[in-house]
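The values are calculated or read from the model by the stated rules, or taken from the named source; none is laboratory data. Here the structure is a predicted model, which means the values were calculated and not measured. Here Cβ is always computed from backbone atoms with ideal geometry, including for glycine, and neighbour counts include all displayed protein chains. Protein only, heavy atoms only, side chains kept; ligands, DNA and RNA dropped before computing areas. Shrake-Rupley method; radii C 1.70, N 1.55, O 1.52, S 1.80 Å.
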Amino acid sequence: MIVGIILSAGESKRMGTPKQLLPWGNTIVLQHVVDVAAASRLERVALILGARAEEIAGRITLPAKTLIAVNQDFREGMGSSVKCGIRNSPADAKAFMLLLGDQPLIDVRVIDALLDAYRTVGHGIVIPVYNGRRGHPVIFAARYREELLSIGDQGAREVVKNHREDIGEVPMNVPEILVDMDTPQEYQNAKRQACENAHSLSVPSERKF
């Protein structure tokens with residue numbers, strides 16, 4: 001079992017409003033991220049909320065294999081949400097995929113391609129790469145569970161840094177793995193990219209996963 005952990009507990013200070021609730025097509029940003037994760041081959045999905053958790057949870061419709069967990073320590077940073085997600089995952093989980101709640105440009109094909117890579121490359125940490133730059137989502141084998149539960153301010157990067165020999169990089173012709181949204185301008189850029197991507201679906205695509 002590979003569990004998806006959607007990290008979405010932040011305060012959206014730079015955005016000025018909860019970015020989870022911003023419009024995205026016919027829905028909102030976080031609902032789209034949740035729906036994509038649920039449509040993938042992930043067996044379970046844990047949505048981690050923190051700031052304004054009750055308000056945000058009230059706007060989310062949960063697919064069957066998804067649960068919400070509230071990170072009461074969200075002000076301590078993303079690492080605290082990683083820990084919350086792992087603690088709320090099934091004990092028999094074989095791996096954890098960390099997804100960002102502000103990456104609505106990630107689609108099912110990206111998630112499933114990473115799952116396939118994890119099962120074939122033989123590494124305990126799997127990271128997508130575009131043009132030599134690492135992005136998200138990232139997969140960690142369950143053998144890193146205790147180490148992830150002890151991370152500090154640097155979050156899961158600490159585990160990546162400590163285990164360079166166990167990293168499998170997955171080249172993808174998908175720049176969206178590098179795109180998240182912290183500011184209003186980044187949100188507008190992401191919406192524009194989503195429109196361009198939707199248009200490209202009507203013509204032959206050369207994307208490789």
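Check which residues have an amide H placed less than 5 Å from Val170's amide H, if you skip close sequence neighbours.
Ile127, Val129
Check Lys94: other-chain or 5+ apart residues with amide H under 5 Å from its amide H, H built from backbone geometry?
Excluding prolines and chain starts, which carry no amide H, the hits are Ile2, Val3.
Tell me which residues come under 5 Å, amide H to amide H, from Ile6 once H is placed; ignore anything under 5 positions away on its chain.
Under 5 Å from the amide H of Ile6 lie the amide H atoms of Ala46, Leu47, Ile48, Leu99, each far enough along the sequence or on another chain.
Among the DSSP beta bridges whose two residues both lie in the chain, what percent are antiparallel, rounded to the nearest 5?
Working: 10 of 33 bridges.
Percent antiparallel among DSSP bridges in the chain is about 30.
Less than 13 Å Cβ to Cβ from Arg143, Lys/Arg counted +1 and Asp/Glu -1: what total charge do the surrounding residues give?
Surrounding charge for Arg143 is -1.
Which residue, chosen from Leu47, Ala113, Phe74, occupies the Cα position most advanced towards the positive end of the dipole of region 1-159, where the dipole is computed from +1 (Lys, Arg) and -1 (Asp, Glu) charges on Cβ about the Cα centre?
After comparing all options, I get Ala113.
Between region 1-50 and region 63-82, what is the separation of their alpha carbon centroids in Å?
11
For region 76-93, just list the computed ³J(HN,Hα) in residue order, Karplus coefficients 6.51, -1.76 and 1.60, θ = phi - 60°, integers in Hz, with x standing in for Gly and Pro.
Values per residue, Gly and Pro as x: 7, x, 5, x, 5, 6, 4, 4, 4, x, 5, 5, 9, 9, x, 4, 8, 4 Hz.
When the Karplus curve 6.51 cos²θ - 1.76 cosθ + 1.60 is applied with θ = phi - 60°, which whole-Hz ³J(HN,Hα) does each residue of region 110-124 get, with x for Gly and Pro?
5, 4, 5, 5, 5, 4, 4, 5, 4, 6, 10, 7, x, 10, x
Starting from the Cα gyration tensor of region 99-140, multiply each eigenvalue by 5, take the square root, and state the resulting semi-axes largest first in whole Å. Spell out each step's value before the answer.
Values: eigenvalues 58, 29, 18 Å².
Taking √(5λ) for each Cα gyration eigenvalue gives 17, 12, 9 Å.
How large is ³J(HN,Hα), in whole Hz, for each residue of region 127-137 in order, when computed from phi with the Karplus curve 6.51 cos²θ - 1.76 cosθ + 1.60 and θ = phi - 60°, using x for Gly and Pro?
10, x, 10, 10, 6, x, 10, 7, x, 10, x
Hey, what's the chain come to in accessible area per residue, 1.4 Å probe, Å²?
Values: 10330 Å² over 209 residues.
I get 49 Å² per residue for the chain.
At a temperature of 37 °C and a viscosity of 0.692 mPa s, determine how fast region 1-119 diffuses translationally according to Stokes-Einstein, using the Kirkwood radius over alpha-carbon pairs as Rh; express D in µm²/s, rounded to the nearest whole number. Walk me through the numbers before you get to the answer.
Numbers: Rh = 14.2 Å.
It comes out at roughly 231 µm²/s.
Tell me the volume per residue, in Å³, of the convex hull enclosing the alpha carbons of the chain. Mind dumping the intermediate values first?
On the way: hull volume 24.7 nm³, N = 209.
Convex hull volume per residue, Cα atoms: 118 Å³.
Note down the relative contact order for the chain as a percent, whole number, built from C-alpha pairs under 8 angstrom at least six residues apart.
About 23 percent, as a whole number.
Hey, any idea what % of the chain's accessible area is carbon plus sulfur with a 1.4 Å probe? Walk me through the intermediate numbers first.
Numbers: 4990 of 10330 Å².
Answer for the chain is 48 percent, counting heavy atoms of protein chains only.
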